[in-house]
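Enquirer: If you scroll down you'll find the structure; I have some questions about it.
The values are calculated or read from the model by the stated rules, or taken from the named source; none is laboratory data. Note that the structure is a prediction, hence the values are computed from the model and not measured. FYI the Cβ positions are ideal-geometry reconstructions off the backbone, even for glycines, and counts take in every protein chain you see.
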Amino acid sequence: MRRRPLSLAVPLVVAASLVLAACGGGSGDSASDEAATDTTPAGATIDPAECAKGKTLKADVLTVATGNPAYSPWVVDDKPESKEGFEAAVAYAVAAQLGLGDDQVEWVRTNFDEAIQPGAKNFDFNLQQFTITEERKANVSFSDPYYSTNQAIVGLADSKAKGVTSVADLKGLKFGAQAGTTSLEYITKVIQPTAEPFAYDDNAGAKAALEAGQVDAIVFDLPTALYVSGVEIEGSSVLGQFPLTDQVAADNFGLVFDLDNPLVECVNAALANMKSDGSLDELTLKYLSTDAEIPVIQVG
Amino acid sequence: MAVADGRRAAWEREKRRRSIAVAAASSLVVVAAIVALVPRMPRWDRVRASFFDGAQFRDSLPRLIDAFWLDVRIFLWCTPAIVALALLVAMARNSRSAALFPLRVISVAYTDVMRGVPIILWIYLIGFGVPGLGIARPWNSPLLWGSVAMVLTYSAYVAEVFRAGIESVHESQRAAARSLGLSHWQSMRHVVLPQAVRRVVPPLMNDMVSLQKDVALVSLIGPIEILRQAGVDKAKFANFTPYIAAAIVFLCVTIPLTRLTDWMIDRERRRTQGTRIG
């Protein structure tokens, strides 16, 4: 009757040895894409169209991934094919730089996890406001930034965060953000409220929590904050934005590629051209107007 | 069980020793095959970096264990509430008086509806909906109402377990109790329930094991517990290793718990069914 020790031991031994086998050995030998992400030169030195030949997933087709659903103002009405919305327009502009026409752009949908999973990717690049961070570079490759932003807070009309001018006055408030975003990190690293922040899967959860009075304010990147407050959460407004400081770098959005994809340098050349000829700025102005007068909250 | 001595005990020891040896050897072969074959797959390096990054594991683990306390706390305050409510529902369903017919209808409807609707919906509905009615802090806490949702849904499952236990007690037990002059509730309290509860402890433990994992669903409405923390770390590092770390933390609790359940089932079987045939 005394079989218990064995039945306990076997699964534990199996599990432990698998984990040890997997974790052991060289970890962290893949920091080799430093060159891909430096500050931007004025105009590219290589021809992006020439560079991209034969490097796309499908010959003469650029496969671009966006979110499911994709949100305004990044993609208008969840229809990237319409070229409307900042990221949709950027994708088509990059394609043009790579020598591909509008009909040679194909869209696929992925969520964040599909973009970072280790298997083969079903897209050439993925753009859905991925912030470029050193940590993430170990597992995916990023292009140079195509947009830089800062963080902002959204609250209802009676929010305790209303009229606040300094981060010190935010400490006692309850914050929320979308899980896994740099906004959530911003709360814990910079605002450092006394109460632990809440995290939500999507804007719908954040909105419900705001309406239920469970949080005083939600942190988003500024363009998303403007959109969410204007369209999605009735009665809310952007209560303040945080300036960029020495400790707080801008949120730089980059196109995400499979690790060490050779197409990265071609797309970087395309982005460099779009920056030097002013077309990227034009798109930014067109879709991401941040001219609303948002009060600045002093940090530190 | 018969008293084993001498040759028989030696024979049993030998048999046990051999079966341990065989089990260990076959496990070793399986593990060796996996360890030898998987790394030969073409993108194994990428998978290993994404799921089994040692440095990432060590970095995340303390944060995850910290966050796990929230799971443990939710579990600890939900469990007694679930058992109490489930017992009430099961007894209501087992009431026999004609006047209590509405109570039976309500308890049947309760178990049907609570079990039929996905738990995620209850968590959203109660966790966001009730506080949304205008309750002030701190009574609108998602932790509080998320826990209420867990208690309400799990009580429905556990009530059915209790009901099965109550119905498994033979009618003659009730008859004997009533003939001794005990009232319906007295015979329930002193005769039926003690037997019923003892019988259903193993299946109850099963529900507890699954509750222990399901409390993570409360994170849908805000609180950052271990699975959410793992998701946050995953996004920060674009690496899935934190989920592996979280899984190991969970296993450290669920494996002993399931073993305990197995042992209790075994004990119950021995108690009620006599010696097991080898």
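Enquirer: Which of the strands (runs of 3 or more DSSP E) contained wholly in the range A:144-211 include at least 3 residues that are touching a residue at least 60 places away in the same chain (Cβ under 8 Å), over 21 Å from residue B:216 (Cβ atoms) and more than 13 Å from chain B (Cβ to nearest Cβ)?
Expert: A:151-156
Enquirer: Among the numbered criteria (1) out of contact with any Asp or Glu (no Cβ under 9 Å at 6 or more places or on another chain); (2) crowded, with 19+ Cβ neighbours inside 10 Å, which one does residue A:174 miss?
Expert: (1)
Enquirer: Can you tell me which residues in the range A:70-100 are touching a residue at least 40 places away in the same chain (Cβ under 8 Å) and over 24 Å from residue A:231 (Cβ atoms)?
Expert: Hits for the range A:70-100 are A:93, A:94, A:97, A:98, A:99, A:100.
Enquirer: Return the total of residues in the range B:222-235 being part of a helix (DSSP H, G or I) and in contact with a Leu (Cβ under 9 Å, 6 or more places away or on another chain).
Expert: Residues of the range B:222-235 part of a helix (DSSP H, G or I): B:226-235.
Checking which are in contact with a Leu (Cβ under 9 Å, 6 or more places away or on another chain) leaves us with B:226-230, B:232-233, B:235.
Of the residues in that region, 8 qualify.
Enquirer: Sticking with this structure for a sec: Identify the residue in the range A:179-206 that is among the charged types (D, E, K, R) and under 20 Å from residue A:132 (Cα atoms) and, among all such residues, is surrounded by the most Cβ atoms within 10 Å (Cβ to Cβ). Before the answer, list the steps.
Expert: First pass over the range A:179-206, keeping only residues among the charged types (D, E, K, R): A:185, A:189, A:196, A:201-202.
The next check asks that each one be under 20 Å from residue A:132 (Cα atoms); those that pass are A:185, A:189.
Working: A:185: 19, A:189: 11.
Here the answer is A:185.
Enquirer: Counting only residues that are closer than 11 Å to residue B:114 by Cα and out of contact with any Gly (no Cβ under 8 Å at 6 or more places or on another chain), which one in the range B:146-158 is surrounded by the fewest Cβ atoms within 10 Å (Cβ to Cβ)?
Expert: The extreme case among them is B:152.
Enquirer: Now for a different question. Going by the conditions given, is residue A:272 touching a Pro at 6+ places or on another chain (Cβ under 9 Å), within 26 Å of residue A:66 (Cα to Cα) and either among the β-branched types (Val, Ile, Thr) or in a helix (DSSP H, G or I) (or both)?
Expert: Here the answer is yes, as residue A:272 does meet what is asked.
Enquirer: I would also like to ask the following. Regarding the range B:67-88, can at least one residue be identified that is of a type outside the set (A, V, I, L, M), under 27 Å from residue B:224 (Cα atoms), within 14 Å of chain A (Cβ to nearest Cβ) and assigned to a helix (DSSP H, G or I)? Give the derivation first.
Expert: Filtering the range B:67-88 for residues of a type outside the set (A, V, I, L, M) gives B:68-69, B:71, B:73, B:75, B:77-80.
In the following step, the residues that additionally are under 27 Å from residue B:224 (Cα atoms) were identified as B:68-69, B:71, B:73, B:75, B:77-80.
When the remaining residues are screened for being within 14 Å of chain A (Cβ to nearest Cβ), the result is B:69, B:73.
Imposing the further condition that a residue be assigned to a helix (DSSP H, G or I) reduces the set to B:69, B:73.
The answer is yes, given that some residue of the range B:67-88 is of a type outside the set (A, V, I, L, M), under 27 Å from residue B:224 (Cα atoms), within 14 Å of chain A (Cβ to nearest Cβ) and assigned to a helix (DSSP H, G or I).
Enquirer: Only one of B:40, B:18 is more than 11 Å from every other protein chain (Cβ to nearest Cβ) and over 27 Å from residue A:117 (Cα atoms); which?
Expert: After applying the criteria, what remains is B:18.
Enquirer: Continuing with the same structure: May I ask you to list the residues in the range A:112-142 that are surrounded by fewer than 18 Cβ atoms within 10 Å (Cβ to Cβ) and within 11 Å of another protein chain (Cβ to nearest Cβ)?
Expert: Within the range A:112-142, the first condition is being surrounded by fewer than 18 Cβ atoms within 10 Å (Cβ to Cβ), and the residues that meet it are A:113-114, A:119-120, A:122, A:134-135.
Once the filter is applied, which keeps residues that are surrounded by fewer than 18 Cβ atoms within 10 Å (Cβ to Cβ) and within 11 Å of another protein chain (Cβ to nearest Cβ), the range A:112-142 yields A:113, A:119, A:120, A:134, A:135.
Enquirer: Given the options B:255, B:221, B:244, name the one that is within 12 Å of another protein chain (Cβ to nearest Cβ) and closer than 29 Å to residue A:139 by Cα.
Expert: Every option except B:244 fails the conditions.
Enquirer: Residue A:237 passes all but one of (1) small (Gly, Ala, Ser); (2) touching a helix residue (DSSP H, G or I) at 6+ places or on another chain (Cβ under 7 Å); (3) part of a loop (DSSP other than H, G, I, E, B); which number fails?
Expert: Unmet condition: (3).
Enquirer: Within the range B:29-46, is even one residue surrounded by 12 or more Cβ atoms within 10 Å (Cβ to Cβ) and touching a Leu at 6+ places or on another chain (Cβ under 6 Å)?
Expert: No, the range B:29-46 contains no residue that is surrounded by 12 or more Cβ atoms within 10 Å (Cβ to Cβ) and touching a Leu at 6+ places or on another chain (Cβ under 6 Å).
Quick grid of which residues meet (1) closer than 29 Å to residue B:55 by Cβ; (2) assigned by TED's automatic domain parsing to the domain that holds residue A:88:
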residue: A:130; (1), (2): yes, yes
residue: A:134; (1), (2): yes, yes
residue: A:138; (1), (2): yes, yes
residue: A:165; (1), (2): no, no
residue: A:168; (1), (2): no, no
residue: A:178; (1), (2): yes, no
residue: A:212; (1), (2): no, no
